Amino acid sequence: MFLKLLLFATYIIFLTLIVIFSYSFIDPNLGYLKDIYTGFAFQNRQLTTVLFVFFLLCFFVYYILFLKFFNKKQLSQKEIKTLICATVGVLIFAYPAMLSYDIFNYIATAKVLFLYKENPYIMMPIDFLHEPLLAFMHAANKTALYGPSWLLLSGIPFIIGAGNFILTLFSFKLFIVIFFLATIFLILRITNNMFSVILFSLNPLVVFETIVSSHNDIVMVFFALLSYYLLSKKRVWLAIVFFLISVFIKFATLFILPIFLYAVWKSINKQKVYWDKIYYYSSVAMYVIFFLSPLREEIYPWYAIWFLVLAFLIPEKKLLLLISIIFSFSLLLRYIPFMLTGNYFGFTPLAKILLTFVPIIIGLGIVLLHKSWRKVCFR
Amino acid sequence: MLLFFIFSPKQFAFAQSSYVLPYPSEMPGSKLYKAFVLWDELMAYWYFGNLSQFTYSLEQSDKYLVEAKTLFEYKQYYFADNALKESDEYFHEAKRALDRAAVERKDIKDKKTILREAAKKHIEVLESSRNRVPETFLWQPEKSQPTMLSIGSNLSQSISVRKSCF
């Protein structure tokens, strides 16, 4: 009991430290937060990287501990909910552009559409020369990158922000967090398994990319999952509508369209749908689009959310689970080269590839060795 | 030789504007022409917002100008004259969209420069066409009344539309 309390207390302190650490990444041109700007992350790159790796390792240790505690039945459902609430409640205050500037793109695109009343697929933020966001956002010279579902949805946090940048920033964070919580709720409804809930909701990559960095991938994934859930309840038309909403958020779920259509066909013909297989093949399909993403730009860590949510629905698929967990660790390591050097070129691209795939090779190697060792022992 | 270069008239100079006009698209009479026109009309809704409308109208003005120029070259004066009127109307609309954007306090400095560059290029094209076409032309369709086309004055009118933005 004491050990558990200690674990919970240190976890909340740990999350608070992440929040403090995140503010060391404030962009020097972000005038709205100039009073708390320190420039620490940019002036002390080595120390910042060491701290980041330390936070990452600690987060994974907590993750593994929580999973172990649950497996030993030492974590109740209420305690898991408390952990999720604590994670959300603390990290919602983290600076969102610690690892990625995407949240500024979301705000800028919403601003083009809802404030300037221009088509964001034609006009770029840079077309509005006096726009204050231009000082610190990174994709000012790009038209809207996301689908129309996202553009329309982003109007909600933008309007709640009422023209105040800080309020808008945090209303976007809150908006994403609501979808995060809704996804967890769906996972529980679909699987009725708290292990899947912990796997997803306390996964460091999911937490970093969703609660801290506020990537909209969670919204796309939520609608895809909702469509599967509705399909399992024989609400075919509603499922199709939500699936389309998902596709028109970020287009990646288009890759699971054949699997979705197969499930629809089975449902319409009143045949049994093997949902575990549907989730498995959907996860594999999302892995495929994930690996194809360098064709467009590069593998971004938050793309892992696409397959993680599906892989965690079926934890009994051990190999998929193992690969997914290792990936969620290794993909976060991709931030290290830039954090350390401040350079996207030179050794950085190769370092990113090595950091992404070497842990997978090591992890799978260890598993194979372990399996063959057990075979030898039991012979 | 030196005196020739010093006193040679300016219209002998190479392109005055770096603005680039599009390639000619479908021409009247083509089976796809009406479909393209319909598509363009539908696209007007896609280009909502005054700055987007500016982009759309200027693109349309460019397109119809190139169409008019090509048709003048093929001596299709009736269609060329129509295309010229469309180009003028879209050019007007581009200007009006910019004015509306200015009322909305949007920064239009860059767009104004683009409009001026476009106007310069349009004037180059229109002036070169004016030197090649007759002042008037009697267009005689097969089964209806003939129409006198005032090509020269229409071209002058188009040039003055462009000059109004300087």
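None of the figures in this text is laboratory data; all of them are computed from the coordinates on show. The shown structure was predicted, so the numbers you read here are calculated from the model rather than taken from an experiment. All Cβ positions, glycine included, derive from the backbone under ideal geometry; neighbour counts span all protein chains shown.
Summary of computed values
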read-out	value
Listed residue pairs exceeding 24 Å between alpha carbons, taken from B:69/B:95; A:111/A:142; A:142/B:85; B:85/B:121; B:34/B:63; B:75/B:112	A:142/B:85; B:75/B:112
Cut-off 11 Å, label 7 Å out along Cα→Cβ of residue B:74, residues of the stretch B:36-53 by amide N	none
Cleavage-rule hits (chymotrypsin sites (Phe, Trp or Tyr not before Pro)) in the stretch B:66-138: DSSP loop, at most 16 neighbouring Cβ within 10 angstrom	B:74
Cleavage-rule hits (GluC sites (Glu not before Pro)) in the stretch B:117-166: DSSP loop, at most 16 neighbouring Cβ within 10 angstrom	B:135, B:142
Span-like helix ranges in chain A, DSSP H, alpha carbon extent 24 angstrom or more, Kyte mean at least -0.5	A:2-22, A:45-71, A:165-191, A:275-292, A:348-378
Cα centroid of the stretch A:267-333 to Cα centroid of the stretch B:19-62, whole Å	43 Å
Reach of residue A:233 by Cα under 26 Å, taken over lysines that are not fewer than 8 positions away in the same chain	A:81, A:250, A:266, A:270, A:272, A:277, A:317
Stretch in chain A that is longest and holds no GluC sites (Glu not before Pro) that DSSP places in a loop and that have at most 12 other beta carbons within 10 Å	A:1-296
Spatially proximal aspartates and glutamates relative to residue B:163 (Cα-Cα < 16 Å; intrachain offsets below 8 disregarded)	B:62, B:88, B:89, B:93, B:117, B:124, B:127
MRE, 222 nm, helices only [DSSP H, n ≥ 4, -39500 (n - 2.57), over chain A, to nearest 500]	-21000 deg cm²/dmol
FRET E, pair residue A:40, residue A:12, Förster distance 22 Å, beta-carbon r, rounded to 0.05	0.45
Largest-first principal axis extents of the Cα set of chain A (Å)	71, 53, 43
Per-residue mean of C-beta atoms belonging to partner chains within 10 Å, peptide B:99-112	2
Chain B - mean residue ellipticity at 222 nm from DSSP helices (-39,500 (n - 2.57) per run, n ≥ 4, rounded to 500)	-21500 deg cm²/dmol
Stretchable slack from residue A:266 to residue A:344, in nm (0.36 nm times residue separation minus alpha-carbon distance)	23.4 nm
For peptides A:148-158, A:218-228, sequence by mean Cβ density within 10 Å, most packed first	A:218-228, A:148-158
The stretch B:38-139: trypsin sites (Lys or Arg not before Pro) in DSSP coil with no more than 12 other Cβ atoms inside 10 Å	B:75, B:105, B:132
Average beta carbon contacts from partner chains per residue of A:129-137, 10 Å cutoff	1
Average projection area in nm² (convex hull over Cα atoms of the stretch A:68-135, one quarter of hull surface)	7.4 nm²
Averaged over A:115-123, number of beta-carbon atoms from partner chains that fall within 10 Å	6
Straight-distance crosslink candidates among aspartates and glutamates, where the alpha carbon sits under 17 Å from residue A:4 and sequence neighbours closer than 8 are dropped	A:79
Surface/4 estimate of mean projected area, convex hull on alpha-carbon atoms of the stretch B:28-163, nm²	8.8 nm²
